[in-house]
1. THR592's amide H: which non-local residues (gap 5+, or another chain) put their own amide H closer than 5 Å, with H modeled 1.01 Å from N in plane and none for Pro or chain starts?
2. Given +1 on the Cβ of Lys and Arg, -1 on the Cβ of Asp and Glu, and no further charges, what dipole in debye does the chain carry about its Cα centre, rounded to the nearest 20?
3. Report the paramagnetic label zone for ALA751: residues of segment 331-365 whose backbone N is under 12 Å from a point 7 Å from Cα along the Cα-to-Cβ axis.
4. Starting at the first residue of segment 585-599, write each ³J(HN,Hα) from the Karplus equation 6.51 cos²θ - 1.76 cosθ + 1.60 with θ = phi - 60°, in whole Hz, x for Gly and Pro.
5. How long is the gain from ASP318 to GLU493 if the chain were fully straight, where each residue apart is worth 0.36 nm and the alpha carbon distance is subtracted?
6. Ordered by residue, what ³J(HN,Hα) values in Hz, to whole numbers, does segment 864-875 give under the Karplus form 6.51 cos²θ - 1.76 cosθ + 1.60, where θ = phi - 60° and Gly and Pro are x?
7. Evaluate E = 1/(1 + (r/R0)^6) for GLN278 and TRP92, where r is the Cβ-Cβ distance and R0 equals 35 Å; express this FRET efficiency to the nearest 0.05.
8. Taking a label point 7 Å from the Cα of LYS581 along the Cα→Cβ vector, which residues of segment 474-518 have an amide N closer than 18 Å to it?
Amino acid sequence: MHQPPAVERPTTVEAGGKWHATESLDALVALESSPDGLSQGEASTRLARYGPNALPEGRRAGPLRRFLRQFNNLLIYVLLAAAAITSGLGHWIDTGVILAVVLVNAIIGFVQEGRAEAAIAALHRMLAPQATVLRDGQRLRVPAEQLVPGDVILVEAGDRVPADARLIEASRLKAQEAILTGESVPVEKSTEAVAEDAPLGERRGMLFSGTLIVAGQGRAVVTATGSATEIGRISGMLGAVEELTTPLLRKMDAFARWITALILFGAGLLLIYGHFVQHHPFEELFMTVVGLAVAAIPEGLPAVLTITLAVGVRQMADRHAIVRRLPAIETLGALTVICTDKTGTLTRNEMMAAALALPAGRYRVTGDGYLPDGEILPEAGAHGEDTALAALIEAGMACNDSALVDGPDGRAITGDPMEAALLVLAEKAGRLEERRGIARLAVIPFDAAHRYMATLDKMPDGRARLHVKGAPEAVLALCEHEVAPGDGARPLELAFWQAETERMAGEGLRVIALARREAEEDERPTPETLTGGLTLLGLVGLIDPPRAEAIAAVAECQSAGIAVKMITGDHAATAAAIAAKIGIAAPERVLTGRDLDRLDDALLVEQARLTNVFARTTPEHKLRLVMALQASGEIVAMTGDGVNDAPALKRADAGVAMGITGSDAAKEVADLVLTDDNFASIAAAVREGRTVFDNIRKVISWTLPTNAGEASAVIVALLAGLALPFSPLQILWVNLVSAGSLGLALAFERAEGDVMRRPPRPVNAPILNGELVWHVALVSVLFLTAIYAMFNYATDRGYPIELARTLCVNQLIVLKIFHLFYIRNYYTTSLTWEAARGTPAVWITVGVAVLGQFVFTYAPFMHTVFATRPVALMDGAIVIGVGMAFFAIVELEKQIRLRLGNSGRHEGRKTERAMERG
């Protein structure tokens, strides 16, 4: 008798072991496990002993290091140099204010960076991998980090292996191990032991954590977890948390650096001009130039944009769309086409048998989803009791891997929804209990290559019977007869059944055919040996009703200029009927997989753009469609769930994987993961993506004009030899109040009302377009005019320079606040109650700014530090009045711009319609 080798139970450190040289049953014994897995109690004990199945997190910067990192900024260097110079000159108040500005800016950056990192960390926790495990003999889905040595896991194509494991069962199993071995060719797996010194790539009986199952199924016992796995021993093999950056943020960071260098160069020229040409005292002029640089440089822009992006990512997660790759947020705002699956995404994925077609007649089935309530009602010409109906129900129960589960929260299913619908059909016929007496002897699993499933079953009467269920064209090709009344058979009327298939599909039903033949118990059918001889039992028409929210989401996307294209494996007529119910444009125009195969790449580019419904397609067709649409200039999102969808998801501008039904392979390459598999979540993600980009644009459109307006007042004073409307320290104060509070409010803005009624933005739109340049120029001129109007008003009334400058500082803050309310509604009018009501973030930041100005204006200690004076009530009212006048001017300009834009879009649509008619 074979004696199992003495294998010590591994510790966490030893868990790599030589399991590949150990027989699978011996591995189970050594790990004190069984083919049915561990008990829950034992798993909990081992989890406490071995720790979670997770790699140690990469070393992250601590709070102190993150805080010190905030000082690595060109503007901060300028301010610190200025502080050093002013302290050397004995200007201690100036030095204190400069250092206070530096410290507050560092604190704000530290807090913002912490929030951004927390947002991304939370999303990675939401994306924690899952594993299928046997506990107490029951199949469960658990977080992969809860696996322990001795757990028995189940894997199939598309899964990412959650831990190192020794195979105990394998069926056509292949794994992609390039992450460990560098070999791109998948490795065939088996349960056989190999030599102890076998290299990693030849250990056929082992599965390794982090590798990908690309084919087949398997059962394995976990041998190592966490850092004891092979991948855990290879430092840095798995990436750390993705940095919170996107092409736009990198572009903005470069833009901020460029404009900072330009401003510093200009400030240097002003320093030279003011001292040597206009003979201003160097000390005073130096502080003025420093203040000018602080006013003009958008030093807070990258930080505010980062927090804007982090807020958007979290809001998308709240709408069931988890962003795996941050550049996808920008892409969502530019999408022009969404290619989507039908089942479960546009529909509820709750199949119900609604119609039957048998040789003896048709039947109608009533009910709702998976609930057992309902009847099977014969239509005109059908027999109320028919042996063919009984045979069809029997085949539907036997050739079936699903189960109905009734629990305290209602009915649920395991397995394929279509198969569950056949079980509910049997339940409505009162025959579901008969399933217990059917014993399966062999199976041909469903595969896209042959498009049917077949089972060899031993029936309750002791006879063996082969049952087949699948696509009508595939099953009909295997049939020679059809069932006749009295359990007989007659020659197959192929044309009739093809017409019935078309009729049922035309009603929006998904049609499957069922057939059978008598067999021997020792027969082992394969796709190669199953070539005919079947008897057709009939057709079942199933309905998967559209999601109500998906109908609304499709309409919203189409109104936003985004074409929605449905790609499904269903029959062409079924696809067209469902597309019409959902509201997809031009549903009657359908291309099938065969049509796509006949089109060359050039023709496909044209047809893909004109067609919105694709039927009988394969994952390979998805990839061709993505490439064809991109070749015509479209920005494409593609949904998918299977391992074969991965190439199309990777190629698409935005790959969208299903979080519930999606394989690990699909999620791995996707940019977004939908946690509810719902098309409405894609539309919500597009809406949030557009909102994020709008908010980023608003941050830029608020920061650049207000900074330019503030700096222009100083530049004009220096060039014209005029008195400065505010002192250098007061400029630092304004920068502290506005950049530290007001700008941040725009990161939390809600979507504007027309965000999904605008056409997609160009994906390569420049940061500084003509519209923004014009707005910067307009606001700069208005700021300059308002500030000097207030300064002249004060001097004409004989106010001291300190009070005049206090009024100008308050005027500047008021202008920035009114510009904030203007820019909040960049694409729509600001003259509505909803716009005026604002958001909590807006009122908090405005409250902070106003409170700061009250302290600045009326606190005696601020009079000493900033040379300010109290402002009378009437003068304060004039400051606010000037701000209102500014708001009215820019809002009037916006209304003119919006009307011209709408007129241009209207003319464009008329031209497009004329071209289409032509």
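1. ALA615
2. That gives a dipole near 3160 debye.
3. Output list for this probe position: 333.
4. Coupling constants for segment 585-599: 5, 6, x, 6, 8, 10, 10, 9, x, 5, 4, 5, 5, 7, 8 Hz.
5. 57.6 nm
6. Couplings: 6, 6, 10, 6, 9, 9, x, 9, 5, 4, 5, 5 Hz.
7. Numbers: r = 27 Å, r/R0 = 0.78.
With a Förster radius of 35 Å, E is 0.80.
8. Only 501-512 fall inside the zone, counting backbone N under 18 Å.
Taken together, the values in this text are just the output of simple stated rules run on the coordinates, not laboratory data. Here the structure is a predicted model, which means the values were calculated and not measured. Backbone-built Cβ (ideal geometry, glycine too); neighbour counts: all protein chains shown.
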